[in-house]
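One structure is given below, encoded as structure tokens.
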Amino acid sequence: MGNRHTSKIEQGQTSAAPLKTPSVAAGPSRPAAVVTTIMRGLRGLVTPATILARMDRLWSRNTMGGAVKVVHTARREIRIEAHGTPYLDFRYNRIALMGYYQQALAPSASTLTMRELPKPGPAAAAWSVGWS
């Protein structure tokens, strides 16, 4: 049966539309929603810069080894660099970590942009964070 269906697609007799799978749109959990609401209420007092001021402590609690550096490059722009963590050699891990930080910082700014910068060295990563 699988071969017949495939041959019909090749002949143009059947649609080759991808299979649709049911999905559930899940919102943030109740505690996360409360924290997000509080952060949005404190917008202006709490910015990505104030959150990242203790990035060294956040890094040491979440990662074994390596070090992180946060540098203010402009009024509303920060550069984050992580060094000495071999898993950052893989692009997938750098993108995942960038998404993690973007989600963590998003409630503190009305708009937040984050982009990956060229790697500063082996086992390292760098990101630019801008907000308004």
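Any read-out appearing in this document is the output of simple, stated calculations on the displayed coordinates, not a laboratory observation. In this text, all values refer to a predicted model and were calculated from it rather than measured experimentally. Because the Cβ atoms are built from the backbone with ideal geometry, glycine has one as well, and the counts that use them run over all protein chains shown.
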Can you tell me the length gained on complete extension of the stretch Arg61 to Val35, counting 0.36 nm per residue apart and subtracting the Cα distance?
7.4 nm
Any chance you could run the full-extension gain for Leu45 through Arg75? It's 0.36 nm times the residue separation minus the Cα-Cα distance, nm to one decimal.
9.3 nm
Nearest-20 debye value, the range 31-131 charge dipole, Cβ charges on Lys, Arg, Asp, Glu:
200 debye
Could you give the Stokes-Einstein D for the range 31-131 in µm² per second, using the C-alpha Kirkwood radius, 10 °C, 1.306 mPa s?
113 µm²/s
